Structure formats: structure tokens, C-alpha cells
1. Restricting to segment 77-102, what's the tally of residues that are within 15 Å of Leu136 (Cα to Cα) and outside any loop (DSSP other than H, G, I, E, B)?
2. Would a scan of segment 29-46 turn up a residue that is charged (D, E, K, R), more than 30 Å from Glu122 (Cβ to Cβ) and more than 21 Å from the chain's Cα centre (by Cα)?
3. Across segment 103-112, what is the total count of residues that are in a loop (DSSP other than H, G, I, E, B) and either open to solvent by 90 Å² or more (accessible area, probe 1.4 Å) or under 18 Å from Ala70 (Cα atoms) (or both)?
4. Among the residues that make up segment 57-76, is at least one of them under 30 Å from Gly277 (Cβ atoms), among the basic types (Lys, Arg) and part of a strand (DSSP E or B)?
5. Is it the case, given these coordinates, that Thr280 is modelled with pLDDT of 75 or more and part of a strand (DSSP E or B)?
6. Taking the condition charged (D, E, K, R) and either under 27 Å from Trp323 (Cβ atoms) or assigned to a strand (DSSP E or B) (or both), does Asp38 pass?
7. Please find, among Leu136, Leu110, Leu77, the residue that is hydrophobic (A, V, I, L, M, F, W, C), within 24 Å of the chain's Cα centre (by Cα) and more than 19 Å from Trp323 (Cα to Cα).
8. If you check Glu56 against the conditions, is it among the acidic types (Asp, Glu) and either modelled with pLDDT of 95 or more or farther than 26 Å from Val327 by Cα (or both)?
Amino acid sequence: MAESNQRIILLNRLISRSVSRAPREHKPPLLKGAELFDIIAKSFRRGHAVEFVGLEDDRSGEEQRLARGAGHDCYRLRNFRIDEEEDGRFAVMLFEFIDDAQKSFPLVDLETFAGREISGREQERGASSAHVVVRLPNGDEFDEGNYRCAFESVQPITRMAVERFLNRQIRRDGEQVFTVTTIKDKKVATKDYRFHGRFNLAADLARSMATSGGKTLSQIVFTKRSERQSIGHPTAVHHEDVVADIEVKISGKQAPSDPKEQVDWLTWVRKNWETRGYQTKLYYRYASGGLVGGRVHRDIENAHDLMLCPREFVTLSKPPKRWSMRVNSEMVSKLKELLRKDDLWQQAG
């Protein structure tokens, strides 16, 4: 079929975890993906599944937040459902981006090359939509909080935007509490800590690093917050404890030049530091020499997704539209097929 009938699909891992301010040795209960998607479903049913770009979330109430969003670009969940199937449950989402500045679009006559712009009504704006499907285990299956995710690549609906959308929706639902029991000097004490769930979209680096793609590993940054260290001179009797944030940077130039050896080297370095409780961030330099990290323009963010993530192509019977009002059942079926291919995910992992 024609190339115009194809769509790029990004393969990701959607990872569920719980976040709290409790000491690192006290882990909050894991909120599984099904629980977090229940929060998303509730927000969708209420008509609150929308996040405005550049609008601070002051938690003044959902109706007030939606009213203050006028004049802002926004991401919203146009459609959401959970499909129950024999081999698992599938969270099917149709994300939509509405560009408040786009009020018209151009057309050109192929014969005369005369052009014109078609303007929308007063409240109509340009939009894009993308399908995202996540495979969840059935209720009786073991759930480790790591889920396969197929992401339709449609600019400017990026992985970072979707991750931020989901987490703001989850966080707005409120925090839960877990109790920590400690024993000090034979005294038992309990303390409550608040925690909330969150999702992380992770690209499978092993496969993408083995391809050239014009990118080079620049540096790896390992960070550990509130590390406690004992200090004192060799002859000192009294040692004091100090707490500080520690950051370790390792230059990517130290990695082997061979792609396969580079993957093994990166895996070993990450494992070495992450087992000590450090968090990892990887930075890449591209052919232009620019460093990708932090907040970036949407176009660069979209290109970053394409270069970093393992990619597959799906071919549809008709050219896919930039925006769709309803879930495309053919697209969802193709995404589920990708999520079911064990060999594909073993290759990507």
C-alpha cells in the first residue's frame, strides 16, 4: 500500500510507581496500573480529563480550573476505555491536542495553484489526535508495575506531554497515607506519610543505542537526594553525620566505540550506581551538536521521541487522519497486535 497509509508507532514501557517524602528505606505501597487508570477513567467520565499548557494547577476546583484554561493550548482525553480480552486488559486512549492559535488552515488548487484559507468559527481551533494503547495484566496475573505501551506518533502529542497529562490527573485525585513503624532505643514509634502514584514512560534504550541515528551518548548523570555520610578525622573520637545531595557525572566518551560493547558498558554502569540508590538521567548529543535535556520545544521533543524509541510501522486500509473524533478501531487492532508480539518486546528490552 501507499506510504501515506502508514503510521509510525513508538514502543515504550509505562512504569507505575509510588512517590512519597518518607525516608528512602520506607517504601510506600505500589499503586498498580489498573488503580491509576481507574483514576483516569473517573476523571474522563466527569469531563475533567483536560490539561492546559502553561496553566498552574492551584487546586481551586475542577470547574474553576477549566474556566481559567480559556485561551491556553490544551491536551485532553477525547476517548478512554478498558478492553477486557483473554490475554489481558488493554487501556485504549485517544489523546487530543488543541492549538489555541490555529484558527484557519490553507488550501491550494492543484490545477491553478490558487490558494485560500478556510477560517473556523469563533470558538473553533486546530487539533491533532493520537492513539495510545497500554497492555495490563488480568486481575489474577502477577503485576510488577511495568506495562507494554504502543504510542501513535502524531506531532505535537509527545511522550513527555502524555506522561505529564496522566500524572497531573492522578495527582489531582489526592494523596493516600501509609504508616511507618520504627524502633529506636527500644521505643516503638509510628508516623504517617502521604504518597501518590505516578506513571513514567520509558524508552527501551538497549535497541536504540545500537543504532547510529546521528546521536552520541554525551553523559550519564546519577543523583541521590539526602545522602547521609559520617565525617571525622582519623584520630577523632566523635564523628558527625551530614546530609547532602550527591550528583555523579560520567562522560559518554568513556564508552566503547562498538555499539554492542557500548550497550553492555551502559548496562553495567547503570546497574552499579542504581543499586546504591541513585537515579539515572542520560543525555545525548546529536549531529548538530546540541544537547537534549530538560524542557525543549515541541518539535524537538517529537524528534527526540522518534530517535530514542524503538519504532514500528503499521499500515492502514485508508490514510490516517491528523485528527479523529472517534477511536479508529483498525488502528487500535494494529496496536494490540504489536503489544502481543513477545519476540518484538524481548528484542526491544
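1. Step one: of segment 77-102, the residues within 15 Å of Leu136 (Cα to Cα) are 80-93.
If we keep only those that are outside any loop (DSSP other than H, G, I, E, B) as well, we get 80-85, 88-93.
Of the residues in segment 77-102, 12 are within 15 Å of Leu136 (Cα to Cα) and outside any loop (DSSP other than H, G, I, E, B).
2. For segment 29-46, residues charged (D, E, K, R), more than 30 Å from Glu122 (Cβ to Cβ) and more than 21 Å from the chain's Cα centre (by Cα): absent.
3. 4
4. No: zero hits.
5. Values: modelled with pLDDT of 75 or more: yes; part of a strand (DSSP E or B): yes.
Spelling it out, Thr280 is indeed modelled with pLDDT of 75 or more and part of a strand (DSSP E or B).
6. Values: charged (D, E, K, R): yes; either under 27 Å from Trp323 (Cβ atoms) or assigned to a strand (DSSP E or B) (or both): no.
No: the conditions fail for Asp38.
7. Answer to the selection: Leu136.
8. So Glu56 passes the test.
The values are calculated or read from the model by the stated rules, or taken from the named source; none is laboratory data. Predicted model only: the values in this text are computed from it and were never measured. Neighbour counts are summed over all protein chains in view; Cβ atoms, including those assigned to glycine, are modelled from backbone coordinates with ideal geometry. Accessible surface areas use protein heavy atoms only, side chains included; no ligands, DNA or RNA. Shrake-Rupley method; radii C 1.70, N 1.55, O 1.52, S 1.80 Å.
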